[in-house]
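Asks: Before I ask anything, here is the structure I am working with.
Any read-out appearing in this document is the output of simple, stated calculations on the displayed coordinates, not a laboratory observation. Model, not experiment: these values are computed from the prediction. When we count neighbours, we look across all protein chains shown, and the Cβ atoms used for this are built from the backbone with ideal geometry, even at glycine.
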Amino acid sequence: MKIGITCYPTYGGSGAVATELGLGLARRGHEVHFISYAQPFRLTHFIDGVYFHEVEVNQYPLFEYPPYSLALAVTMHEVARREELDLLHVHYAIPHATAGWIARDMLRDGGRDVKLVTTLHGTDITLVGQDPSYWSITRFSIEKSDRLTAVSGWLRDRTHRDFECDRCAIDVIPNFVDPKIYDRERYRGLHRLARAGEKVVMHISNFRAVKRIPDLMEVFAQIQREISARLVLIGDGPERQRAEELAARLGISERVVFLGKFDSVAELLASADLFLLPSEQEAFGLVALEAQASGVPVVGSSGTGLDEVVEDGVTGYLHPVGSVDAMARSAISVLADGARWAEFSSAARKRAVEHFAADRIVPRYESLYHKVLGTADTSGISAA
């Protein structure tokens, strides 16, 4: 099978999952062509069967804003025609589903029936898609896709509700991890992110308002009053400066470490004792899954996609958004009890391996491709 994959190449869950999916498909014998404006950050080395095609956007004085969506559609069309692709799989609705629809219809005008699969990841539906400037084109683009997937049941339901597209059939295929990479034992003793005797509380995000950084800092402030701990923050974004100001105001600056962005976080997660994710919304929570795969219990927000990732009371604790005191109490209860922490850590790793390992999820995409193409599926795994 020849598959074209388009995603955002920068840091973020959608680009990470799309790239890992492409690499997994290539290992299973498929030919994968990444199409984007830059090489995906997880595409770090050569793998047989994987190709990258850069979208070039020319600058013309007439265009105040270069039309990337059109340049992307043209490149997708050219690559699909030249490489004889079977389908285009786009990740994140805008502008990728729109460009994919244009490219697919151009190909059909030329006599080639290339299918279009769109995977919804979260903010493409809950944030970007809700902007009045994009709502109608988002709805149009996902309805024109040959097949839709969402990374959680929570996101599927939000899509149906927010875009009034009850007739849209959406398959839920969750995000995934490679358990061999996110293995605590693999990196044991590699990094020391805290002083001897201190617990490491970790948070990884793009530091947007939806992550509720003030809640995060308040939870940690309560934790460190009871337990010797250090908060390690990974990533960057508009709320980082606010986080630094809050740390100073709460008197915890000496216990907070800002590491910035990293291509790979597996070795850092291996040093964590607890992962905090008090977000307003999480369509899935890939970092929470990566934490669990690393044997790190998670404390976060219920009523989001995290409900499908974290098993409350078993691999971590979930509380309603904004429940700072309850989150802090749960975090302290895990960190203060070595036996409980070990039990939660083991359960977290087990859940990640048994439910979200790449070798379980990638074949589900493979099965979906066969369905949309009408070809024989030998994987024996249903995509529904």
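Asks: So what are the radius of gyration and Dmax for the Cα set of the range 110-234, in Å?
Replies: 20.8, 68
Asks: Near LEU155, within a Cβ-to-Cβ distance under 14 Å, what is the net charge of the other residues, with Lys and Arg +1 and Asp and Glu -1?
Replies: -4
Asks: Additional query: Using a 4.7 Å cut-off between beta carbons, which cysteines in the chain end up with no partner cysteine at all?
Replies: CYS7, each lacking another Cys Cβ under 4.7 Å.
Asks: Greater than 20 Å separation of Cα atoms is the criterion. Which listed pairs, LYS211/LYS261; LYS2/LYS115; LYS180/LYS350; LYS115/LYS371; LYS2/LYS371; LYS211/LYS350, meet it?
Replies: Beyond 20 Å between Cα atoms: LYS211/LYS350.
Asks: Tell me, what ³J(HN,Hα) does each residue in the range 330-340 have, in order and in whole Hz, if you take phi through Karplus 6.51 cos²θ - 1.76 cosθ + 1.60 with θ = phi - 60° and put x for Gly and Pro?
Replies: 5, 4, 5, 4, 7, 5, 7, 10, x, 5, 5
Asks: So, by mean Cβ neighbours within 10 angstrom, what's the order for 264-275, 64-75, 296-307 with the highest one leading?
Replies: Averaged packing, sorted descending, gives the order 296-307, 264-275, 64-75.
Asks: Quick one: P(r) of the range 184-356 from all Cα-Cα pairs, 10 Å bins, percents rounded to integers, in order of increasing distance.
Replies: 11, 44, 39, 6, 0
Asks: For the chain, what's the relative contact order in percent, using C-alpha pairs closer than 8 Å and at least 6 residues apart?
Replies: Relative contact order for the chain comes out at 13 percent.
Asks: How do the peptides 179-188, 128-137, 365-374, 151-160 rank, highest first, by the average count of neighbouring beta carbon atoms within 10 Å per residue? Kindly include the intermediate steps, with their values, before the conclusion.
Replies: Numbers: 179-188: 15.5, 128-137: 13.9, 365-374: 18.4, 151-160: 20.8.
The peptides rank, most packed first, as 151-160, 365-374, 179-188, 128-137.
Asks: Still on this structure: Cut-off 15 Å, label point 7 angstrom out along Cα-to-Cβ of PHE52: give me the residues of the range 255-289 whose amide nitrogen falls inside.
Replies: The answer is 263-264.
Asks: Could you work out the pair-distance distribution P(r) of the range 250-337 from its alpha-carbon pairs, with 5 angstrom bin width and percents rounded to whole numbers?
Replies: 3, 14, 24, 24, 21, 12, 2, 0
Asks: Quick one: PHE63, PHE284, PHE140, fewest Cβ neighbours within 10 Å first, how do they rank?
Replies: PHE63, PHE140, PHE284
Asks: Below 8 Å between Cα atoms, with a sequence gap of 6+, how large is the relative contact order for the range 184-356 in percent?
Replies: On the way: 326 pairs, mean separation 40.6, N = 173.
Dividing the mean separation by the residue count of the range 184-356 yields 23 percent.
Asks: Here is a follow-up. First obtain the Kirkwood hydrodynamic radius of the chain from its Cα pairs, then insert it into the Stokes-Einstein equation at 10 °C and 1.306 mPa s, and state the resulting D in µm² per second as a whole number.
Replies: Numbers: Rh = 21.7 Å.
In µm²/s, the coefficient rounds to 73.
Asks: In whole Å and largest first, what semi-axes does the C-alpha gyration tensor of the range 85-130 yield when each eigenvalue is scaled by 5 and square-rooted?
Replies: Equivalent ellipsoid of the range 85-130: 24, 10, 5 Å, largest first.
Asks: Can you give the three extents of the C-alpha atoms in the range 10-154 along their principal axes, from longest to shortest, in whole Å?
Replies: Taking max minus min along each principal axis of the Cα atoms, the range 10-154 gives 42, 39, 30 Å.
Asks: Here is a further query. Given C-alpha coordinates of the range 147-221, what is the ratio Rg to Rh with the Kirkwood estimate of Rh?
Replies: Over the Cα atoms of the range 147-221, Rg/Rh equals 1.14.
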